[in-house]
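Every read-out reported here was derived from the displayed coordinates using simple, explicitly stated rules and does not represent laboratory data. The shown structure was predicted, so the numbers you read here are calculated from the model rather than taken from an experiment. Note that each Cβ is placed from the backbone with ideal geometry, even for glycine, and that neighbours are counted across all protein chains shown.
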Amino acid sequence: MLKHAPQAFRASDWPDIVNFAPLFYVMTVMWWMPDGDKYPPAIILAILVFYIASQAWKTSQSAKNCAKHYFASAVTASALICGTGYLLNGGSISELRTLAALSIFAWLSTAFKLNYWVWLSVILIAAAGFITVSFYQHFIGGVSRAHLYYNPIPYATGLATVMVSSLFLAVTSRKLPVTLSAWAVTLLLFSATAMTGTRGVVLPASVILCTVTIYYLCGSKKLRKTAIAATVAALTLITALGAHIFEDRINHTVTELSLIASGNKTSSIGLRLQFWEAASVMATMEPLTGLGEGHISVYQDLAAQGLVDQAAAAYAPYHYHNQFLDTLVKRGVPGLLALLLLLSLPLALAAKYYRDTPLVLGSIGGMTILYTVASLTDVPFNHPVTINLFVLSSLALFSLKTESQR
């Protein structure tokens, strides 16, 4: 695997820390305080003021990073469609506020660059926070599903996103201390992800971790046999720890599948199946504009017709535990197309413009897989915390300075 060649940190890189303050915030402080997801828009507005005051707009006119321009267009399109849906049928103001702020920052970031060592520091600090909180809650606090101030599912998505970034720092770095520390952090983050008990995130995280590790070990000619053995042993140990922590959820899943096989759909998985069935019916009612907030009353009408049972009717979901169906129901086909563009475009851009930069291509590829699989059972693009993390991480990776950009 090609190794990443980072630039040394220079005095001229200090503005990066200010420019990417929203990234630092959403990877660290946002997860450590109640309602932390409410503040990124304010930080982005502050960056806008700083940007204008420093006359950086002139720089953006000559910026040649096509990837960020295309991605900024996709974020803006998502914000516009979300805003249109909100005006027509209502919806989530926090989601709209988040996308609007991110679209501003996405265009501002076309003039920004990010030093490799700044990115590494952010990942390590974010990892330290996630690991500390998760291990404390699980082993000392007795919390069955680590989550701190957020629902365990978006919390797990945030954890796994940082894990993917750390993993590709480990396999692409030319510096042994960076490689070793990134590997250690990656394995601890995987165990922390298992502590959330989130099946839809742990599954893709484990597949990404195992696949990349095997590819790395098979493709690394310089690794000695002892180093390979040590890496495999550490991976096996941490994976076993994660499996042990996740054992209750695995057993719970087997029990739920048995209930479904017997016709009982009142379990967590059974309810999701009913939500998906109802959503597939509602998606055909207003394919152009979606139902917006009207989905709630329509769902109850379907429950009255017996499409879902009483347990699912009483649950009255605000979302349908599948990002693609949920978006199609609430915003119609235009909303779904905007979602697919936002989700897939970063990987397409990375494959085109960063083919020779494995840190960027791998990180964005892993993140795309993670969010795609997570979207099958949850709605990561409805939660401000995970929307912020996906968009800002993509912009940061597109902004990384490499040796070829000197």
Rg (Å, one decimal) plus Dmax (Å, integer) for the alpha carbons of segment 119-213? 12.7, 40
Take residue 140 and residue 318, extend 7 Å from each Cα along the Cα→Cβ direction, and tell me the distance between the two endpoints in nm. 3.1 nm
Using modelled amide H (1.01 Å from N, peptide plane; none on Pro or chain starts), what sits under 5 Å from the amide H of residue 400, excluding residues fewer than 5 places away? 114
Normalised Cα Rg of segment 330-395, dividing by 2.2 N^0.38 Å with N its residue count, works out at 1.13
Segment 201-211 - phi-based ³J(HN,Hα) in whole Hz, Karplus 6.51/-1.76/1.60, Gly and Pro as x: 10, 4, 4, x, 4, 5, 5, 4, 4, 5, 5
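To the nearest 0.05, what FRET efficiency results for residue 356 and residue 121 with a Förster distance of 25 Å applied to their C-beta separation?
With a Förster radius of 25 Å, E is 0.55.
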Mind ranking 160-167, 175-182, 371-378 by how tightly packed they are, going by the mean number of other C-beta atoms within 10 angstrom, highest first? 160-167, 371-378, 175-182
³J(HN,Hα) across segment 349-358 via Karplus (A = 6.51, B = -1.76, C = 1.60, θ = phi - 60°), whole Hz, x for Gly/Pro? 5, 5, 5, 7, 9, 10, 4, 9, 10, x
Students often check this: by mean Cβ neighbours within 10 Å, which of 271-283, 306-318 ranks highest, and how do the rest follow? 271-283, 306-318
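Show me the trypsin sites (Lys or Arg not before Pro) within segment 92-174 that DSSP assigns to loop and that have at most 13 other Cβ atoms within 10 Å of their Cβ.
Answer in residue order: 174.
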So for segment 58-173, using the alpha carbon gyration tensor with a ≥ b ≥ c as root eigenvalues (a/c under 1.5 gives rounded; past that, a/b versus b/c decides prolate or oblate), I'd call it oblate
Which net charge results when you count Lys and Arg as +1 and Asp and Glu as -1 among the other residues whose beta-carbon is under 11 Å from that of residue 286? +2
Applying the gyration tensor rule to the Cα atoms of segment 91-130 (axes a ≥ b ≥ c; rounded if a/c under 1.5, else prolate if a/b exceeds b/c, else oblate), the class is oblate
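For the peptides 297-303, 342-348, 360-366, what is the packing order when you average, over each peptide's residues, the other Cβ atoms within 10 Å and list the highest mean first? Spell out each step's value before the answer.
Numbers: 297-303: 15.7, 342-348: 19.3, 360-366: 24.7.
Final packing ranking: 360-366, 342-348, 297-303.
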Among 366, 297, 281 the positive-end extreme of the charge dipole of segment 278-406 (Cβ point charges): 366
Amide proton proximity set for residue 173, modelled H, under 5 Å, gap of 5+: 4
Short version: ³J(HN,Hα) in whole Hz for each residue of segment 368-383, in order, from phi by Karplus 6.51 cos²θ - 1.76 cosθ + 1.60 (θ = phi - 60°), x for Gly and Pro, what are they? 5, 4, 4, 5, 5, 5, 4, 5, 6, 10, 8, 10, x, 8, 9, 8
